[in-house]
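Okay, so here's the structure we're looking at.
The values are calculated or read from the model by the stated rules, or taken from the named source; none is laboratory data. Everything numeric here is computed off the predicted structure, so don't read it as measured data. With ideal geometry, Cβ positions are generated from the backbone for all residues, glycine too; neighbour counts draw on all protein chains shown.
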Amino acid sequence: MHTLTPEERYILEEKGTEAPFSGEYYAFDETGVFHCKKCDAPLFPSTAKFDSGTGWPSFDAAFLGAVKEITDKDGRRTEIICAACGGHLGHVFHGEGFTPKNTRHCVNSLSLAFKAGD
């Protein structure tokens, strides 16, 4: 397990959100795999990343079984967590039309670790 900074702990363990357009991976375009910052589980292939213009890294697909969807307590949004460790990643939205898959995993950069060439 990775030793988390206070900011990473806030996102992953307290379900926080980083400011839009501030994350390391928002305007990031390298080939590899995005892993959970907390437990290192592979979550998203770089081929699934797209520019949604929303301010956070966006992915239209996760690796099979890597991410769990949970309805927020207010019932309005769907949270996504790492299936391996339960760390908060962000939220998922369906039906927006950004890509043919019609899915946007809106993820906090601070919850991710990138590995080139995976």
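Among the residues examined, Ile70 does not qualify as part of a strand (DSSP E or B), free of Cβ contacts under 8 Å to residues at least 24 places away in the same chain and crowded, with 18+ Cβ neighbours inside 10 Å.
For first residues located in segment 13-34 and modelled with pLDDT of 95 or more, partners that are part of a loop (DSSP other than H, G, I, E, B) and loosely packed, with under 14 Cβ neighbours inside 10 Å and lie 6+ apart or on another chain with Cβ distances below 7 Å form the pairs Thr31/Gly117; Gly32/Gly117; Gly32/Asp118; Val33/Asp118. Within segment 36-62, the residues that satisfy the criterion of being over 20 Å from Glu13 (Cβ atoms), over 12 Å from the mean Cα position of the chain (by Cα) and part of a loop (DSSP other than H, G, I, E, B) are Asp51, Ser52, Gly53, Thr54, Gly55.
Candidates in segment 1-27 are the residues that are closer than 18 Å to Phe114 by Cβ and buried (at least 16 other Cβ atoms within 10 Å of the Cβ); of these, the one that is farthest from the chain's Cα centre (by Cα) is Leu4.
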